[in-house]
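Contents: one structure, followed by commentary.
The values are calculated or read from the model by the stated rules, or taken from the named source; none is laboratory data. Since we're looking at a predicted model, the values are computed, not measured. Every residue, glycine among them, receives a Cβ derived from its backbone with ideal geometry; neighbour counts consider all protein chains shown. The protein model used for the area step is the full one, side chains on, heavy atoms only, and it has no ligands, DNA or RNA in it. Shrake-Rupley method; radii C 1.70, N 1.55, O 1.52, S 1.80 Å.
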Amino acid sequence: MASPVQYSIEDRLGVIRIDNPPVNALSHAVRQGLFDAINKAQDDDIDAVLILCEGRTWVAGADITEFGKPPKEPFLPDLLDTIEQSAKPVVSALHGTALGGGFELALASHYRCALRSAKVGLPEVKLGLLPGAGGTQRLPRIVGIKTAIEMMTSGAPVPAAMAQQARVIDELFDDDLEKSAKAFAESVAGKGPRKSSERDVDPLPDAEADAIRAEVARRARGVEAPLAIVETALAAGSTSFEEGMAIEREAFMRLMASDQSKALRHIFFAEREAAKILDLPKDTPHRDVARVGIIGAGTMGGGIAMSFANAGFAVTLVDVNDDALERGLSTIDRNYGISVKKGKLSEDDAQSRRALIEGTTQFEDLAEVDLVIEAVFENLELKQDIFKKLDATCKKGAILATNTSYQDVDAIAAVTKRPEDVIGLHFFSPANIMKLLEVVRAEKTADDVLATCMALAKKIRKIPVMSGVCYGFIGNRMLSGYGREAQLCLIEGSSPADVDSALETFGMAMGPLAVFDLAGIDVGYKARQGLPEDERGDERAYRVADVLVEGGRLGQKTGAGFYRYDTETRKRESDPGVQEVIEREAKSLGVERRSIDADEIVQRTVYALINEGMDILNEGIAQRPGDIDIVYVYGYGFPAWRGGPMHYADTVGLPAVLASIEKFAAEHGEENWKPSPLLKQLVEDCKTLADWATERG
């Protein structure tokens, strides 16, 4: 097999070309090819070495197919040291994205030039790691310790122009990278090698270093890698390069073996796996979608409209009357205005996106859309009425989607003459910001409809996860047990702050009761009112919420729910009146309150998620444990560094999870704590969820 790295002499330049599509990843073959080419160049009669990449990007990082496998020589740190020690000046010419090991390759080169459109960055922190091939030592010596820490702890790519300002890139070009880079390499040839490892870097004063530690710790919220990056980068100012490299290596290996990095790497791969439908042929055709219709101009419908407009789709937004439509369009205008004010969008970009959204009160204006998404109130009869109208209005082949959070998509599809065109697209609020999209495959959904919607999700920058049809699908079905236990802990002895503090310390973005206040406590109340009494679950788990709703406390939107809220800042604070309600209702239900510690709160809520997730897998509602993890990390604020609830179950150990669930069943009753058959089977077979997923393919 031909090497992905080619070397040639062109006009007194040793030109190295990396061609390892799709992203020129640093596979073993690429590392070996670079190593051989650099060594060959030392003996050639040339003035400098120029490294170029073919295709759409510079080296975009490590080869993910090698993750978890024993590394092979030449190891990346050794390769980069070889490049830096070259007696011939080495120039890296960047385009596309130079990320991770690819950026470290550029940092080890003596000079760097780039197309103006390029971006550079060290995103290892997102995998619970730090740059492990000299990035923590070379970058501070080039840009200074403080800037290096900012770049590495954020993990965000930096535009080439900003990188030039920080002295990472020497020259920028607008076009013809190869021609310009060759001229640049010739211009620096006489200057000789310029080694970043030999540069002096000013150490930070102790007070400034401590302030950075404190700020990074605040942002990290329990994640280890950012703090390790800080300490390793600070070492660049107080040690030799060789000593700093040893510190980097020790920290990298420690993080690589940590549960946090394993969890974050699991999420990295799970996100990519979630887009693959196991029984969907790879050659399934896609339907053409250019124009999208949205029914309902409320918060959800407006957010969905923005998501499509932001991706360049023409959108027709429908509501029942002019007032409702105008409110919705005004909200969209305000949201775009906020993005401009914050510098996230230019005025021209905001206007061009807004111009793609047109409003109407006429269903007939949906006649030619390729996809229509209903986003109205959670009422099955209302949704069925709308789908009858869509069936009569929309053109043949149009995809008819419902944004329902709970309702039966099969029952909605059944009122049409084309159930094969019907699918669930469950967006999360605010839809223009939240990344998750549950794609609900109904019994008769056509393969090409499913394939089209999974691909569309990526076009509008969402992370799609397929779910089967059940009440609440994956996320909200699991949420019922999580919320149940949070509220049972509340009435059994905890305060709202106790419950939320325990779970926020665990790593949740927000505690469950604060989340209910944010969404509106009345949402769950209305959903329960739509169910028969015998299907509403344990009354103790929703009595307090119902009393609050009936007293007009609906959450943040009314300034009061489980907490009180400042009218301007929305900052929450505990409310003695809520505690009185809790204690009064506990007494009326015959509940004897007791002290409940944080560990019990976390176990009861998180293990309820896990147990329900096991049932969801057992029933085939979700394809993989990782799909459930993606839903909870991106849709419900579960800490990515714990890997999602199902990965976390494997980390704790399934026997320990089962033992706790059986203990809760004995203490609190099997009505709420019936162990999942899949959990029991896996423990009996001494298998993990990862084993189960591997066996299923």
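Here is a list: Ala233, Ala305, Ala217. Which entry is among the hydrophobic types (A, V, I, L, M, F, W, C), open to solvent by 10 Å² or more (accessible area, probe 1.4 Å) and out of contact with any Asp or Glu (no Cβ under 7 Å at 6 or more places or on another chain)?
Ala217
Take Val168 and decide whether it is on the phi < 0 side of the Ramachandran plot, part of a loop (DSSP other than H, G, I, E, B), over 29 Å from the mean Cα position of the chain (by Cα) and in contact (Cβ under 8 Å) with a residue 24 or more places away in the chain.
no
Counting just the residues of segment 611-637 that are on the phi < 0 side of the Ramachandran plot and not in a helix (DSSP H, G or I), which one comes out most open to solvent (accessible area, probe 1.4 Å)?
Glu619
Collect the residues in segment 640-687 that are closer than 26 Å to Gly222 by Cα and of a type in the set (Ser, Thr, Tyr), keeping them in residue-number order.
Listed by number, the residues that qualify are Tyr648, Thr651, Ser660.
Which one of these does Lys680 not meet: (1) open to solvent by 40 Å² or more (accessible area, probe 1.4 Å); (2) at positive phi?
Checking Lys680 against (1) open to solvent by 40 Å² or more (accessible area, probe 1.4 Å); (2) at positive phi, the one that fails is (2).
Among residues belonging to segment 75-102 that are under 35 Å from the mean Cα position of the chain (by Cα) and among the hydroxyl-bearing types (Ser, Thr, Tyr), point out the one that is surrounded by the fewest Cβ atoms within 10 Å (Cβ to Cβ).
Per the stated criteria, the residue is Thr97.
In segment 64-74, what residues are surrounded by 14 or more Cβ atoms within 10 Å (Cβ to Cβ) and without any contact (Cβ under 8 Å) to a residue 40 or more places away in the chain?
Within segment 64-74, just Glu66 meets the criteria.
Is it fair to say His28 is open to solvent by 10 Å² or more (accessible area, probe 1.4 Å) and touching a Lys or Arg at 6+ places or on another chain (Cβ under 6 Å)?
Judged against the criteria, His28 is a match.
Looking at Ala451, Ala457, Ala442, which is the one that is open to solvent by less than 20 Å² (accessible area, probe 1.4 Å), farther than 16 Å from Asn310 by Cα, assigned to a helix (DSSP H, G or I) and among the small types (Gly, Ala, Ser)?
None of the others qualify; the one that does is Ala451.
Select, from Glu443, Glu420, the only residue that is acidic (Asp, Glu), farther than 29 Å from Asp517 by Cβ, touching a helix residue (DSSP H, G or I) at 6+ places or on another chain (Cβ under 6 Å) and at pLDDT 95 or above.
None of the others qualify; the one that does is Glu443.
When you scan segment 103-156, how many residues do you find that are among the hydrophobic types (A, V, I, L, M, F, W, C), outside any strand (DSSP E or B), over 21 Å from Arg254 (Cβ atoms) and open to solvent by 10 Å² or more (accessible area, probe 1.4 Å)?
Qualifying residue count for the region: 3.
Test of understanding: among Glu485, Glu443, which residue is within 20 Å of Ile616 (Cβ to Cβ) and without any contact (Cβ under 8 Å) to a residue 40 or more places away in the chain?
Glu443
Being open to solvent by 10 Å² or more (accessible area, probe 1.4 Å), among the polar types (S, T, N, Q) and in contact (Cβ under 8 Å) with a residue 60 or more places away in the chain, is that true of even one residue in segment 36-43?
Among the residues of segment 36-43, not one is open to solvent by 10 Å² or more (accessible area, probe 1.4 Å), among the polar types (S, T, N, Q) and in contact (Cβ under 8 Å) with a residue 60 or more places away in the chain, which makes the answer no.
Go through segment 660-673 residue by residue and tally those that are part of a helix (DSSP H, G or I), among the small types (Gly, Ala, Ser) and loosely packed, with under 15 Cβ neighbours inside 10 Å.
Summing the residues that are part of a helix (DSSP H, G or I), among the small types (Gly, Ala, Ser) and loosely packed, with under 15 Cβ neighbours inside 10 Å in segment 660-673 gives 1.
Restricting attention to segment 511-525, which residues are closer than 11 Å to Leu554 by Cα and assigned to a helix (DSSP H, G or I)?
Phe516, Asp517, Leu518, Ala519, Ile521, Asp522, Val523, Gly524, Tyr525, listed by residue number.
Of all residues being out of contact with any strand residue (DSSP E or B) (no Cβ under 6 Å at 6 or more places or on another chain) and among the aliphatic types (A, V, I, L, M) in segment 413-431, which is nearest to Phe308 (Cα to Cα)? Just the residue, please.
Ala431
Which of the residues belonging to segment 568-610 are under 36 Å from the mean Cα position of the chain (by Cα), outside any helix (DSSP H, G or I) and acidic (Asp, Glu)?
Glu568, Glu573, Asp575, Asp597
Pairs, please: C-beta under 6 Å, at least 6 apart or cross-chain, first residue in a helix (DSSP H, G or I) and in segment 638-659, second at pLDDT 95 or above and of a type in the set (Lys, Arg)?
Pairs that qualify, where the first residue is in a helix (DSSP H, G or I) and the partner is at pLDDT 95 or above and of a type in the set (Lys, Arg), are Tyr648/Arg642.
Could you please let me know if Thr331 is part of a helix (DSSP H, G or I), hydroxyl-bearing (Ser, Thr, Tyr) and surrounded by 15 or more Cβ atoms within 10 Å (Cβ to Cβ)?
yes
Quick one: Phe506 ticks every box in (1) farther than 25 Å from Ile399 by Cα; (2) open to solvent by 30 Å² or more (accessible area, probe 1.4 Å); (3) touching a helix residue (DSSP H, G or I) at 6+ places or on another chain (Cβ under 6 Å) except a single one, so which number is it?
Only one criterion is unmet by Phe506, namely (2).
Quick check on my filter: what residues within segment 225-246 are in a loop (DSSP other than H, G, I, E, B) and over 32 Å from the mean Cα position of the chain (by Cα)?
Result: Gly237, Ser238, Thr239, Ser240.
If the requirement is being at positive phi and not aliphatic (A, V, I, L, M), which of these qualifies: Gly96, Gly102?
Among Gly96, Gly102, only Gly96 is at positive phi and not aliphatic (A, V, I, L, M).
Search segment 526-555 for residues that are in a helix (DSSP H, G or I) and pair each with any residue that is among the polar types (S, T, N, Q) and open to solvent by 20 Å² or more (accessible area, probe 1.4 Å) when their beta-carbon atoms are under 6 Å apart and the residues are at least 6 apart or on different chains.
Every condition considered, the pairs that remain are Ala541/Gln487.
Here's a check for you: in segment 531-571, which residue that is surrounded by fewer than 19 Cβ atoms within 10 Å (Cβ to Cβ) and β-branched (Val, Ile, Thr) is nearest to Glu592 (Cα to Cα)?
Checked segment 531-571; the qualifying residue nearest to Glu592 (Cα to Cα) is Val547.
Given the options Ala527, Ala514, name the one that is open to solvent by 10 Å² or more (accessible area, probe 1.4 Å) and within 30 Å of Gly643 (Cβ to Cβ).
Matching residue, one of Ala527, Ala514: Ala527.
Yes or no: segment 572-579 includes at least one residue that is touching a Leu at 6+ places or on another chain (Cβ under 8 Å) and either under 30 Å from Ala274 (Cα atoms) or surrounded by 20 or more Cβ atoms within 10 Å (Cβ to Cβ) (or both).
Scanning segment 572-579 turns up at least one residue that is touching a Leu at 6+ places or on another chain (Cβ under 8 Å) and either under 30 Å from Ala274 (Cα atoms) or surrounded by 20 or more Cβ atoms within 10 Å (Cβ to Cβ) (or both).
Against the condition under 18 Å from the mean Cα position of the chain (by Cα), farther than 23 Å from Thr402 by Cα, open to solvent by less than 20 Å² (accessible area, probe 1.4 Å) and among the aliphatic types (A, V, I, L, M), how does Ala263 come out, does it pass?
When the stated conditions are applied, Ala263 passes them.
Just to be sure before I move on: is Asp210 over 21 Å from Leu105 (Cβ atoms) and modelled with pLDDT of 95 or more in the structure I sent?
yes
The rows are residues; the columns are (1) under 22 Å from Glu670 (Cα atoms); (2) at pLDDT below 90.
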residue	(1), (2)
Leu488	yes, no
Gly511	no, no
Gly537	yes, yes
Glu573	no, no
Glu580	no, no
Arg593	yes, no
Ile596	yes, no
Gln603	yes, no
